[in-house]
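The values are calculated or read from the model by the stated rules, or taken from the named source; none is laboratory data. Because the structure is a prediction, the values reported are computed rather than measured. All Cβ positions, glycine included, derive from the backbone under ideal geometry; neighbour counts span all protein chains shown.
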């Protein structure tokens, strides 16, 4: 449970300084109401699919054609393509296309279903989640035509016990050994030993059984991460896998020049009948790396030459571009729209601002509407009232302190609360990074909280160090933006790292430094519930309980509007807020 | 820097041949016309400058910019808006829901003459007017520091020679070899962190001081280099020899003998340096290490305007045009000053 959301977010964010292209406009912004158009995918409910859902081939995308080259633009290079080490939304999206795993997500419209990928279903358990059994499908092959066997899945998991590679997801490693320091229990296959049968059992070439230390109802979700991607021992090139993984999906890597380009060609040994989510429509994916966000928008809006058949992997446009989309109907038709897994908030340093009424006053005075204008108003996302994202299983809004409050907060009321608490002149250090969005967002916050009687100070932190500074226990900051995306759409990967007092440590993810023993106890209790749906209801109750202490100010549910060229078909968001590569075709 | 203005030819092709003040000898001394009038070199330079139309125009523009910078609070009073209030966010009907100005042309209206800033909703005219202050103040201070330090070190190196020259020249070489832009980006935050508690807002003056320090650190090398070369050639001249022989000390020779002959290059470099620092400061703000919000700043305005070019070109137009006019005017002025003071150069 390392820096999931954080890492993914770092990659996603820095959208700070984006721009777009030409078409000089002097006609004025206008005040058309359709600028507010709500995201089309409101709540993407997640369902655990059946064996029938897991059966290939995947349903054809209407109008899909075969052939052509799709260009993909990305701001950064792909630092990790080893499926077990990819833990940032764009890396995970690419890795899911190349490397199959035990389970995966099928996204149809607003509906997300967890289905078996290599496995025939999402896993079966007979003892309430302590033992998980998977059976592999028929005719599974790697890029060189050799069959995928259960022992390779086991070896793939074993590799990820290597301590040096802990930048990837570590859920399964921790659950198998029952320890956060899983590498002490088993150091990985490079030391010579195998994981014993009482941890992972491979009775035959098609069956793999996981024996966990304690029941985990979320195991099928964790199995959708790259940790369970198969790896034949003979093909393990260790570090080199990170730049050129051994493909099991519909595409294989033919060229990878790190930080420059990545070319994926069809894998002829991939059998569509064995895969219920992926397609092999385009002949080639050509990724261009190191393209700044602004350049991506300019190129994709102009859509000249090969850019007509290109798209951005996960770059969200900024405020200026929002206006361009709103005024250009042709462009509007080639932009995705939906909510990703990220809920953004402003965390309050609970170690320094200990009075709950002061924190409440901060939330009431907070000018959410003005702040959001810096990133494009409603196109950045709807205002949030919960910690949970609408994509979380069981999401249900409850009565919050924002009900009935003006969108820019009520500074007079906040001032009264502050006076009642005897804390007028409470010093609040607002920490921002040096990007344009954060600087502009700080202006109304400084102003309005100042009006409510707080003594506001602002501190700039470099973009790179941002999470390190706010993650420190003795951070100088009192109020700071933070975003979190769950690893899978249940509450298990939200409340555990973000509001558990045991995560109040240096570089911990409880950035609000919120400590409430009652909440810790609840988290432990809810984690033991193995019925995922019953658990989801409890998570929402916990969400409300935490928000009564106002450890953070909920801000927005991040909306993902990603541009694609006019020749691209089948573009839609995946569960990570990037464009789903599985259904892409060239019109 | 060889942008030659459209000069009125002084000698030979003078538009009014025969006017008393036009024929000048090569040395810049008035050749005997119909009537002999004694003029100092300063007077001559001034006459030459006055006849240089582009010089006069650019000088007026530069003076205009300085006036606006000085009179900013007065303009604020008359105009009734300040550069910090977020008009568009406070008053409904100015910005639409995605933060773009509702009125055409970037929200230009009787209330907001140059329109309003997208997203934040501040008044563009006031931002521009106060932005000049930021840019000019920083640039003028840096030019003064750089000129004084550069002059002293340049003359010292050139006149004393030997070890002193060696040390100063190597320092100059080192500084010139360093990528200054990268240095600014890396060191500005460190300089700032040294002086401010991490729980306090960085004062604007401190930020300005830090910028001035880093810019000056690299800036003096240019003028020092030029002056060192000049002095190297001058110190062997007869009048210096004469001064030495008659017992003058180094100080006297430097200040009384050398310096008066160096005013021309100093003035020229200084006038050409000023617009360079205005653009450098803007470039640093563009890169995010210059002046930060909420201090009005041209570099940041241009950066923001550039990003929003396709949706609100007006917001880019005002600061960009203002910057182009200012830098162009100052460069032309620099050229004219050089032509007036040193008519032999670059002909």
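Residues considered: B:289, B:324. Of these, the only one that is out of contact with any strand residue (DSSP E or B) (no Cβ under 6 Å at 6 or more places or on another chain), within 26 Å of residue B:180 (Cα to Cα) and not in a helix (DSSP H, G or I) is B:289. Here B:207, B:170, B:199 are screened, and the one residue that is within 14 Å of another protein chain (Cβ to nearest Cβ) and either within 24 Å of residue B:265 (Cα to Cα) or touching a helix residue (DSSP H, G or I) at 6+ places or on another chain (Cβ under 7 Å) (or both) is B:207. Among the residues in the stretch A:394-410, are any buried (at least 23 other Cβ atoms within 10 Å of the Cβ), within 14 Å of chain B (Cβ to nearest Cβ) and more than 30 Å from residue A:490 (Cβ to Cβ)? The answer is yes, given that some residue of the stretch A:394-410 is buried (at least 23 other Cβ atoms within 10 Å of the Cβ), within 14 Å of chain B (Cβ to nearest Cβ) and more than 30 Å from residue A:490 (Cβ to Cβ).
Of note, residue B:297 satisfies the criterion of being touching a residue at least 60 places away in the same chain (Cβ under 8 Å), within 14 Å of chain A (Cβ to nearest Cβ) and either surrounded by fewer than 22 Cβ atoms within 10 Å (Cβ to Cβ) or out of contact with any strand residue (DSSP E or B) (no Cβ under 8 Å at 6 or more places or on another chain) (or both).
Of the strands (runs of 3 or more DSSP E) lying entirely inside the stretch A:72-140, those containing at least 1 residues that are within 16 Å of residue A:275 (Cβ to Cβ) and free of Cβ contacts under 8 Å to residues at least 60 places away in the same chain span A:103-108. Residues that are within 23 Å of residue A:69 (Cα to Cα), buried (at least 19 other Cβ atoms within 10 Å of the Cβ), within 14 Å of another protein chain (Cβ to nearest Cβ) and in contact with a strand residue (DSSP E or B) (Cβ under 9 Å, 6 or more places away or on another chain) are absent from the stretch A:278-290 altogether.
The condition (being out of contact with any strand residue (DSSP E or B) (no Cβ under 9 Å at 6 or more places or on another chain), farther than 20 Å from residue A:76 by Cα and touching a residue at least 12 places away in the same chain (Cβ under 8 Å)) is satisfied by just one residue among A:294, A:302: A:302.
For every residue, the table says whether it meets (1) over 23 Å from residue A:387 (Cβ atoms); (2) crowded, with 24+ Cβ neighbours inside 10 Å; (3) touching a helix residue (DSSP H, G or I) at 6+ places or on another chain (Cβ under 6 Å).
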site	(1), (2), (3)
A:435	yes, no, yes
A:447	yes, no, no
A:450	yes, no, no
A:455	yes, no, no
A:467	no, no, yes
A:479	no, yes, no
A:491	no, yes, yes
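Among the residues of the stretch A:163-187, those identified as part of a loop (DSSP other than H, G, I, E, B) and either under 25 Å from residue A:117 (Cα atoms) or not assigned by TED's automatic domain parsing to the domain that holds residue A:227 (or both) are A:166, A:167, A:168, A:169, A:170. The set of residues from the stretch A:446-476 being within 11 Å of chain B (Cβ to nearest Cβ), touching a strand residue (DSSP E or B) at 6+ places or on another chain (Cβ under 7 Å) and in contact (Cβ under 8 Å) with a residue 40 or more places away in the chain comprises A:463, A:476.
Is the stretch B:328-335 home to any residue that is more than 9 Å from chain A (Cβ to nearest Cβ), surrounded by 23 or more Cβ atoms within 10 Å (Cβ to Cβ), over 18 Å from the mean Cα position of the chain (by Cα) and modelled with pLDDT under 85? Checked against the condition, which is being more than 9 Å from chain A (Cβ to nearest Cβ), surrounded by 23 or more Cβ atoms within 10 Å (Cβ to Cβ), over 18 Å from the mean Cα position of the chain (by Cα) and modelled with pLDDT under 85, the stretch B:328-335 yields no hits at all. Restricting attention to the stretch A:312-335, does a residue exist that is within 10 Å of chain B (Cβ to nearest Cβ), at pLDDT 90 or above, assigned to a loop (DSSP other than H, G, I, E, B) and crowded, with 24+ Cβ neighbours inside 10 Å? No, every residue in the stretch A:312-335 fails to be within 10 Å of chain B (Cβ to nearest Cβ), at pLDDT 90 or above, assigned to a loop (DSSP other than H, G, I, E, B) and crowded, with 24+ Cβ neighbours inside 10 Å.
Yes/no per residue for (1) within 12 Å of chain A (Cβ to nearest Cβ); (2) modelled with pLDDT under 85:
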position: B:260; (1), (2): no, yes
position: B:292; (1), (2): yes, yes
position: B:305; (1), (2): yes, yes
position: B:308; (1), (2): yes, yes
position: B:313; (1), (2): yes, yes
position: B:319; (1), (2): no, no
position: B:339; (1), (2): no, yes
position: B:343; (1), (2): no, yes
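Restricting B:235, B:199 to those that are at negative phi and free of Cβ contacts under 8 Å to residues at least 60 places away in the same chain reduces the list to B:199. Being at pLDDT below 85, part of a helix (DSSP H, G or I) and exposed (fewer than 14 other Cβ atoms within 10 Å of the Cβ) is a property that holds for residue B:190. Screening B:98, B:164, B:142 for residues that are surrounded by 19 or more Cβ atoms within 10 Å (Cβ to Cβ) and assigned to a helix (DSSP H, G or I) leaves exactly one candidate, B:142. Does the stretch A:415-434 hold any residues that are more than 14 Å from chain B (Cβ to nearest Cβ), closer than 14 Å to residue A:455 by Cβ and modelled with pLDDT of 90 or more, and which are they? Correct list: A:415, A:418. It is to be established whether one or more residues within the stretch A:346-357 are touching a helix residue (DSSP H, G or I) at 6+ places or on another chain (Cβ under 6 Å), part of a helix (DSSP H, G or I) and not assigned by TED's automatic domain parsing to the domain that holds residue A:511. Looking for residues that are touching a helix residue (DSSP H, G or I) at 6+ places or on another chain (Cβ under 6 Å), part of a helix (DSSP H, G or I) and not assigned by TED's automatic domain parsing to the domain that holds residue A:511, one finds none in the stretch A:346-357, hence no. Taking the stated definitions as given, is residue A:385 in contact with a strand residue (DSSP E or B) (Cβ under 8 Å, 6 or more places away or on another chain) and either at negative phi or in contact (Cβ under 8 Å) with a residue 12 or more places away in the chain (or both)? Answer is yes for this residue.
Yes or no: the stretch B:48-58 includes at least one residue that is out of contact with any strand residue (DSSP E or B) (no Cβ under 9 Å at 6 or more places or on another chain), under 23 Å from residue B:118 (Cβ atoms) and assigned to a loop (DSSP other than H, G, I, E, B). Checked the stretch B:48-58: no residue is out of contact with any strand residue (DSSP E or B) (no Cβ under 9 Å at 6 or more places or on another chain), under 23 Å from residue B:118 (Cβ atoms) and assigned to a loop (DSSP other than H, G, I, E, B).
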